[in-house]
Amino acid sequence: MQRVTVSLDLRIAPLFDAMLKEQGYQTRSEAVRDLVREAVETHHRNSTTEGECVANLAYVYSHSTRLLAQRLLDIKHQHHDLIVSSTQIILDHTSLFETVILKGPTLAVRALADLIRAERGVRFGSVNVVAVEPNGDHHTEGAHHHASKSNLSPLHG
């Protein structure tokens, strides 16, 4: 087994300790091993990059981080073809919450989400990706038409 040292914020450490006690862990190491294992498995499960998807990217960022708001705006403009909508909520004097709805090739959507989450000053980022497949039957003769312009269907729906 390889030893890894982890530093915890003074506010998080007691919360982590309470959580691991509640879940029956004897040591922090056991809990961290399970958390890392779960993260690796989740990443593997969610790393599919083929096909089309819709996604919700949600993150908190610091408005006070130098030029971060402008960098995020530039990134979103460079990838405007993937962005359906975005909403910002001011949390306090320095923090904003943003949610971005994405649609397009899974590889490109995941790359954009990773790019935004990796920006210095972006915190608590998460992405929920839902695989979809193009619905080629949308405009066939006799097909029922909706006002929506979507041409994507859930994979298992």
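Computed from the coordinates by the stated procedures, all read-outs in this text should not be read as laboratory data. Since the model is a prediction, treat every value here as computed from it, not as a measurement.
Worth pointing out:
- Residue-by-residue Karplus 3J(HN,Hα) for the stretch 10-25, coefficients 6.51, -1.76, 1.60, Hz, glycine and proline x: 4, 7, 7, 3, x, 5, 5, 4, 5, 5, 5, 5, 4, 8, x, 6
- Here the stretch 1-121 yields Rg over Rh of 1.05, to two decimals, using C-alpha coordinates and the Kirkwood radius.
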